[in-house]
Amino acid sequence: MKDITVAEVVAGIKSGDISCEELISGIYERIERSELNCYITLNRDKAIEEAIRVDKNREAYMDKRLLGVPIAIKDSISTAGIQTTCASKILTGYVPPYDATVIEALKREGAIIIGKTNMDEFCMGTSTETSYYGPTLNPHDHTRVPGGSSGGSAAAVSAGEALIALGSDTGGSIRCPASFCGVVGLKPTYGLVSRYGLIAYANSLEQIGPIATNVRDTALLLEVISAKDERDSTQIKIDNNSNSNYVFKTEKNGEDVRGLRIGVCREFLEGVAPEVEESVWHAIYKFEDLGASYEEISLKYLKYALAAYYIIAMSEASSNLARFDGLRYGLRLDMDADWHTTFSRIRGEGFGEEVKRRIILGTYALSVGYYGRYYLKALKIRTLIKREFEAALRAYDILAMPTMPCVAFKLGERIKDPLSLYLADVNTVPVNLAGLPSISVPCGVFNGLPIGLQLVSGQFQEDKIINAAMAYESSFKVFSS
Ligand code: GLN
């Protein structure tokens, strides 16, 4: 599974060389044998039915770019007729009546939804350990976390329990698990991909994005999901978006990183584990060999990014999660009490500890007397960080840094100490504050555990990071298998 690309699968299904039904059944067999816990809900019957239809009528589907491709969907994305829980007890049993825009786009192109993947509850976490459904295990070492919050999606792709996947990224949730599981993950520019149907955690920061085993598949999936959508008012409409043919960019391969200017920001290397730093430097030297150049730079507001991110994310979460009142969605309790009692009992029982912590902290940051001291100040920092990134990206084409400061840590090691988990997001959250695109590609292995290289470019310049990642990937093999 790992070595076959989406384009090959689609070509095989179209020509009849690959039976879609066998492909999809094979995936479910693998899931059944697996102990990774990648999925919360499987879509088995409908998926097999769909596969049979594809095999029978393949001539009718020749224009479909993802025909018969098995895809895993993070459980934060609404899927009509398939339970969508956000890994929370409070949404247990909730079946959305409509599809997110990205799901409509996938279906239009013939993709087959395997199931809904495990994640941190309401996307709040870095390890997939806050899920009500138990943690997902890292496919490279079952005693370690897969990263989060899209841990189920990244682990599924890494372990061949799906060919490609969607995740969502508020402060690193696509890139972190991609890094820990040794796959590719891309967070698009804020406003490129419709968020319609994405259950909101911190809506000013998050985007849905692709996870795949290689850059070309990542680019193809991005191309499919970045369709314009009137239903998301924050989607930025660019008419002649000539950059949006991402797959075409990957056709050119290696050489055209010649002349590429890379900024390596010192602050992103502070506190990073030596094995990660070494591997990232090797990647940068590799770019030099390919004809790019690099310079070390400094972004002085970065040190405030983590604090600003958590204040903004928690504030938005406290407001977004107010809609889960036990009346409209999911969990019900059999009780005869007034509204206030019902509301607090349901939220008390339905939300996990981390979610409650964030609602309380977010409410505090927004309350009278503290709003200016915390929330407003965080917004000002956000603007400064955005400007600093913009200036750096005028001087350099892309920025390069480690995705995560460490390799995957042990299950249970950090979950009792929330601050130690928040700190792991230090290199991913600044990019969300600035709304920029970034990709994580595997760049090394330490004791069998993958290391990720993060590349960042300017707004709507996904083509630059895709191209650079593609050049890197095709000239350097991280995994020997
Ligand atoms: N780990 C970060 C958080 O907990 C980011 C999560 C995400 O991107 N959804 O907020």
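The values are calculated or read from the model by the stated rules, or taken from the named source; none is laboratory data. Worth saying up front: this structure is predicted, and the values here are computed from it rather than measured. All Cβ positions, glycine included, derive from the backbone under ideal geometry; neighbour counts span all protein chains shown. Just the protein is used for accessible areas: all its heavy atoms, side chains included, with ligands, DNA and RNA removed. Shrake-Rupley method; radii C 1.70, N 1.55, O 1.52, S 1.80 Å.
The order of the peptides 221-233, 133-145, 75-87 by mean Cβ neighbours within 10 Å, most packed first, is 75-87, 133-145, 221-233.
Using a simple spin-label model with pseudo-atoms 7 Å out from Cα toward Cβ, residue 22 and residue 344 lie 6.1 nm apart.
Pull out a ≥ b ≥ c, the square roots of the eigenvalues of the alpha-carbon gyration tensor of the stretch 67-189, then state rounded if a/c is under 1.5, prolate if not and a/b is larger than b/c, and oblate in the remaining case.
Details: a/c = 1.66, a/b = 1.22, b/c = 1.36.
Oblate is the answer for the stretch 67-189, as a/c is 1.5 or above yet b/c matches or exceeds a/b.
Surface composition of the stretch 377-456: carbon plus sulfur atoms contribute 60% of the solvent-accessible area (1.4 Å probe, protein chains only, all chains present). Ranking 208, 18 by solvent-accessible area of protein heavy atoms (1.4 Å probe, all protein chains present), from largest to smallest, gives 18, 208.
Taken as Cα centroids, the stretch 412-481 and the stretch 286-313 sit 12 Å apart, rounded to the nearest whole angstrom. P(r) tail, the stretch 335-389: Cα-Cα pairs separated by more than 17 Å, 59% of all pairs. Divided by 2.2 N^0.38 Å, where N counts the residues, the Cα radius of gyration of the chain comes to 0.92.
Using only the heavy atoms of the protein chains and a 1.4 Å probe, how would 462, 388, 270 rank by accessible area, largest first?
Details: 462 0, 388 30, 270 125 Å².
Result, largest first: 270, 388, 462.
Straight-distance candidates among the lysines for linking to residue 410, with alpha-carbon spacing under 30 Å and chain neighbours fewer than 8 residues away dropped: 2, 74, 89, 116, 187, 303, 356, 477. For the stretch 148-172, the residues whose backbone nitrogen is under 19 Å from a point 7 Å from the Cα of residue 32, taken along Cα to Cβ, are 160-163. Both radii were evaluated on the Cα set of the stretch 327-481; the Rg over Rh quotient, with Rh as the Kirkwood radius, amounts to 1.09. Estimated at the nearest 10 Å², the accessible area of residue 92 is 60 Å² with a 1.4 Å probe.
Per residue, how much accessible area does the chain show when a 1.4 Å probe rolls over the protein heavy atoms, in square angstrom? Kindly include the intermediate steps, with their values, before the conclusion.
Values: 18330 Å² over 481 residues.
Here the residues of the chain average 38 Å² of exposed surface.
An oblate overall shape is assigned to the stretch 367-440, the ratio a/c of its alpha-carbon gyration tensor axes (a ≥ b ≥ c) being 1.5 or greater and a/b not exceeding b/c. Where does the chain land at 222 nm, in deg cm²/dmol rounded to the nearest 500, when only DSSP H runs of n ≥ 4 count, each adding -39500 (n - 2.57), divided by all residues? The per-residue figure over the chain is -11500 deg cm²/dmol. Within the accessible surface of the stretch 256-302, defined with a 1.4 Å probe on protein heavy atoms only, the carbon and sulfur portion equals 44 percent. Of interest is the spacing of the C-alpha centroids, which for the stretch 1-64 and the stretch 79-133 amounts to 19 Å.
How do 196-202, 433-439, 58-64, 450-456 rank on mean C-beta neighbours within 10 Å, highest first?
Numbers: 196-202: 23.9, 433-439: 26.7, 58-64: 12.6, 450-456: 28.4.
With the highest mean Cβ count within 10 Å placed first, the list reads 450-456, 433-439, 196-202, 58-64.
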